[in-house]
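To start, the structure itself, in structure tokens.
The values are calculated or read from the model by the stated rules, or taken from the named source; none is laboratory data. These numbers were taken from a predicted model, which means no experiment stands behind them. Virtual Cβ from ideal backbone geometry, glycine too; neighbours counted across all protein chains shown.
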Amino acid sequence: MEPLLNNIEKEFIFTDDDFNFLSELAVKTAGINLTTDKRELVYGRVSKRLRILDIDNFKDYCRLLKKKNSEESLHFINSITTNVTSFFRENHHFEYLADNVIPDIIKSNAGLSTPRLRIWSAGCSTGEEPYSIAMVLREHISDIDNWDAKILATDLDSNVLKTAKQAIYPLERVKQVSIERKKRWMQMGCDENKDSIKIKEEIRQLVHFKQLNLTEPWPVQGIFDCIFFRNVAIYFKKPTQTSILNRFADHQKINDKLFVGHSESLIGISQKYQSIGQTIHKKVS
Ligand SMILES: C[S@@+](CC[C@H](N)C(=O)[O-])C[C@H]1O[C@@H](n2cnc3c(N)ncnc32)[C@H](O)[C@@H]1O
């Protein structure tokens, strides 16, 4: 039955069948769990695609997605991801990185001619998180240019990665960054770009962006001293969260740290990590 009443005054007809198809596709391709309370959100986000494609109902849009190798799948996934982020979001993680993680890494690398450091920003959105990490590394490792230091920054959404790589942000988005950091790590735009900043090359060169779906196999190798997995797990069902965390554990040593978002808990999700407070976890097995 088509719930026509729900569609009164709506621009596009959006039935339960359409919603069910889209939510199944989201969970299948990206692990994103669109519960029924997300119905309005899906309508709002996906309607933009219907307008761009000049399609006047969701049934036809779903038909397009059902075609084999449909290019629209990428746009659909981009439209349903939530990309909210900011520089130094949940700042205590960056303080912990500076005061605890970095000193430990320096100690464990002592004596090596090329010290090594790897940090993964998994679900990096438009880049504010990995660039914040890079600023902290530069501020606390004075000889970092002699290090083999890399921040891997990955996301599923190809649009946010494009923005991240450009490293240009409206002034509005750096309002909360300290004046010292702005002066040191950001370049003011001029003329028609006077309302934006660009992240300086010495920060950008530490960050390596890659498209990666966390629910699929990862072309990722090696050990990460620290993983930022913040405000991403919240969109996944528990078994998906467990599987991702157990796979992170394969890329960390005992005691390496994992940061999650303020509303995310790992309790009952993975035995491989133990909370040490403030949404910081250490690998234990
Ligand atoms: C709310 S943002 C978090 C950004 C940043 N970590 C922070 O805390 O500010 C969530 C990000 O996770 C990404 N994401 C969602 N599902 C994903 C998946 N299956 N694989 C990789 N990234 C995914 C989204 O595209 C989005 O950019």
**Complete:** Taking segment 141-167 and keeping residues surrounded by 16 or more Cβ atoms within 10 Å (Cβ to Cβ), part of a strand (DSSP E or B) and away from the ligand (no atom under 16 Å from the Cβ) leaves A149, K150
**Failed item, numbered, when I254 is tested on (1) more than 13 Å from the ligand (Cβ to nearest atom); (2) in contact with a Ser or Thr (Cβ under 8 Å, 6 or more places away or on another chain); (3) not in a loop (DSSP other than H, G, I, E, B)** = (3)
**Item:** Selected residue (only one of I280, I227, I267, I223 is exposed (fewer than 14 other Cβ atoms within 10 Å of the Cβ), modelled with pLDDT of 95 or more, over 15 Å from A30 (Cα atoms) and not aromatic (F, W, Y))
**Value:** I223
**Prompt:** Is segment 216-230 home to any residue that is within 10 Å of the ligand (Cβ to nearest atom), in a loop (DSSP other than H, G, I, E, B) and closer than 26 Å to H140 by Cβ?
**Reply:** yes
**Complete:** For segment 88-126 the number of residues that are touching a residue at least 40 places away in the same chain (Cβ under 8 Å), more than 9 Å from the ligand (Cβ to nearest atom) and in a loop (DSSP other than H, G, I, E, B) is 1
**Request:** State whether the residues of segment 61-72 include one that is among the small types (G, A, S) and buried (at least 17 other Cβ atoms within 10 Å of the Cβ).
**Result:** no
**Message:** Checking the structure you have, find out if any residue of segment 186-209 is closer than 30 Å to V284 by Cβ, within 16 Å of the ligand (Cβ to nearest atom) and under 20 Å from the mean Cα position of the chain (by Cα).
**Reply:** yes
**Message:** Given (1) farther than 10 Å from K283 by Cα; (2) within 15 Å of the ligand (Cβ to nearest atom), identify the lone condition not met by I267.
**Reply:** (2)
**Request:** Collect the residues in segment 16-47 that are crowded, with 17+ Cβ neighbours inside 10 Å and outside any helix (DSSP H, G or I), keeping them in residue-number order.
**Result:** G31, I32, L34
**Request:** From the list S275, S263, S243, pick out the single residue that is part of a strand (DSSP E or B), closer than 26 Å to N83 by Cα, outside the structural domain of T36 (by TED's automatic domain parsing) and over 14 Å from the mean Cα position of the chain (by Cα).
**Result:** S275
